[in-house]
Amino acid sequence: MTSDLSLAQLRRLRLRNQSLAEDLRLASVASLVQRLCALQSQEWPSAQLAIAARTPGITHEDLRRAREVDRSFVLTWSLRGTLHLVAAEDIGGQLALFGQRAISGTNRRYQQLGLSEIIREKSLDHIAEILAKDGPLIRAELAEKLGARRLPVAGQAIHHLVRYAALRGLICFGPERAGDLTYTLLAEWLPGYQARDADEDLLPIFARRYLRAYGPASSADFARWTGISAKRADAAFGAIAGKCVVCESPVGTVSLLKGQIRHLPLSKAEPDLRFLPRYDNYLLVYQSRDFMVDAAYAKRVHPGGGLIRACVIIDGEAVANWKLEQRRKSARIVVSPFQALDKSIQPLLEAEKEKLARFLGREIDLRIEDE
């Protein structure tokens with residue numbers, strides 16, 4: 001079955017499936033992380049804002065409790081060897097599917113840093129022993145203890161040793177301490193954690209969940225997000241073809257789960273406006289961002305060098321950059337439109353500002369700069 005999707009419909013479905021539309025907002029952080037499979041978290045403050053954009057009504061304390069007390073999800077390196085939030089029940093499968101590929105893709109950097117396989121394997125034993133005795137520890141503390149055992153920790157070496165240990169399923173991030181994230185043993189953080197063997201049968205299951213959370217999308221989008229080869233991505237999509245509808249769209253041929261098509265047409269009371277932080281999943285999980293930003297303003301979203309800027313989106317289209325300025329006693333959102341915003345947008349900006357203020361537990365002012 002083949003259908004056609006307009007650009008507006010494509011945006012609409014992607015917004016809804018990522019829990020950014022009003023008709024699919026989730027009540028808890030745990031349910032959101034589980035739905036999204038993995039939430040980009042290379043910047044922990046940005047990841048928190050991404051959660052706030054999708055779960056209205058929760059507070060920063062709710063998020064802290066879900067991660068540090070309930071431990072319904074874990075912060076660690078996963079897809080593409082990048083930091084993500086991953087549901088506790090999913091981390092074993094994700095590391096089995098994607099961990100070794102991320103490690104293999106880092107071999108050249110390991111060589112540059114003098115981190116041979118022998119040294120990396122040796123570091124696993126020392127990290128396990130140190131954290132079992134003294135953890136959780138912040139990076140500087142762990143580096144000091146590893147250095148005392150004559151392991152290389154200067155410069156980027158410590159980063160790659162802990163990342164390697166995480167991708168091997170040994171460690172993850174633990175509680176925050178005075179604003180710093182700590183490292184802890186994954187098996188202690190998640191007592192029910194069990195390492196899994198690589199099982200290619202898991203990949204179609206993950207592809208189906210990917211479409212549930214991010215469709216309509218292509219196998220190339222799936223490969224880009226996970227970091228796997230095009231061949232593996234094509235095979236995974238082929239395995240679930242019977243559950244999908246294939247659509248032609250302005251960004252090419254895409255697939256979505258059959259049940260998702262019922263969420264069209266587009267009738268809505270008012271536009272969906274969201275403040276998306278840097279490196280938000282909506283900005284990252286597709287091979288191209290052409291669907292969500294006019295070519296004239298593309299550099300305002302992705303200027304190059306891997307930087308993805310924070311955006312205000314309206315019905316899935318980026319219309320402005322924004323930043324959150326926080327001081328000890330005040331906070332302010334500064335919006336920088338790509339072009340003049342209609343006056344009808346002002347109440348939507350104010351409403352989103354108030355949601356973010358509730359999440360952070362402080363008052364926030366709003367300023368809109370001239371385009």
Of Leu264, Leu360, Leu95, which has the largest mean-square fluctuation in a 10 Å C-alpha GNM of the chain?
Leu264
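Packing-wise, with mean Cβ within 10 Å as the measure, how do 170-183, 237-250 rank, highest first? Can you show the working numbers first?
Values: 170-183: 17.5, 237-250: 16.0.
Ranked by mean Cβ neighbours within 10 Å, highest first: 170-183, 237-250.
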Along Cα→Cβ, 7 Å out, is where each label goes; now give me the distance between the ones at Arg108 and Thr59 in nm to one decimal.
4.9 nm
What's the local net charge at Gln34, with K and R +1, D and E -1, over the other residues with C-beta under 12 Å away?
+1
Where nothing but the Cβ of Lys and Arg (+1) and of Asp and Glu (-1) is charged, how large is the charge dipole of region 40-124 around its Cα centre, in debye to the nearest 20?
340 debye
Any lysines with Cα under 24 Å of the Lys122 Cα? List them, leaving off those in the same chain fewer than 8 positions away.
Lys133, Lys145
Per DSSP, loop trypsin sites (Lys or Arg not before Pro) in region 269-339 with at most 15 further Cβ within 10 Å
Arg327, Arg328, Lys329
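Rounded to the nearest 20 debye, what is the charge dipole size of region 201-356 about its Cα centre when +1 sits on each Lys and Arg Cβ and -1 on each Asp and Glu Cβ?
Numbers: 24 positive and 16 negative charges, 126 e Å.
Using only the charged Cβ atoms, the result is roughly 600 debye.
Tell me, what is the percent relative contact order of the chain, built from C-alpha pairs under 8 Å that lie six or more residues apart?
On the way: 613 pairs, mean separation 72.8, N = 371.
Here the relative contact order equals 20 percent.
From the square roots a ≥ b ≥ c of the eigenvalues of the alpha-carbon gyration tensor of region 15-111, which class results: rounded (a/c under 1.5), prolate (a/b over b/c), or oblate?
On the way: a/c = 2.12, a/b = 1.93, b/c = 1.10.
Cα axes put region 15-111 in the prolate bin.
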Selection from Pro271, Gly305, Ala165 lying farthest towards where the dipole of the chain points positive, charges on Cβ:
Ala165
Given region 268-360, what whole percent of its Cα pairs are spread farther than 22 Å?
28 percent
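Identify the trypsin sites (Lys or Arg not before Pro) of region 1-77 meeting these criteria: DSSP loop state and at most 16 other C-beta atoms within 10 Å of the C-beta. Show your work: numbers first, answer last.
Details: sites: Arg11, Arg12, Arg14, Arg16, Arg25, Arg35, Arg54, Arg64, Arg65, Arg67, Arg71; in loops: Arg25, Arg71.
Listed in order of number, the matching sites are Arg25.
Rounded, prolate or oblate for the chain? Axes are the square roots of the Cα gyration tensor eigenvalues, ordered a ≥ b ≥ c, and the cut-off for rounded is a/c under 1.5. Write down the numbers at each step before the final one.
Values: a/c = 1.89, a/b = 1.32, b/c = 1.43.
Oblate, because a/c is 1.5 or more while a/b does not exceed b/c.
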Mind jotting down the distance between the C-alpha centroids of region 54-108 and region 235-261, whole Å?
26 Å
So if I take the centroid of the Cα atoms in region 286-335 and the same for region 162-190, what is the distance between those two points in Å?
30 Å
Toy charge model, Lys and Arg Cβ at +1, Asp and Glu Cβ at -1: region 142-186 dipole around Cα centroid in debye, rounded to 20, equals 220 debye
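Can you bin region 215-311 into rounded, prolate or oblate? Criterion: square roots of the alpha carbon gyration tensor eigenvalues sorted a ≥ b ≥ c, rounded for a/c under 1.5, prolate for a/b above b/c, oblate for the rest.
On the way: a/c = 2.24, a/b = 1.22, b/c = 1.83.
It is oblate, given that a/c is not under 1.5 and a/b is not larger than b/c.
Rule-based calculations on the coordinates, nothing more; no lab input. Just so it is clear, the structure is predicted and the values come from calculations on it, not from any experiment. Cβ sites come from the backbone with ideal geometry, for glycine too, and all protein chains shown count toward neighbours.
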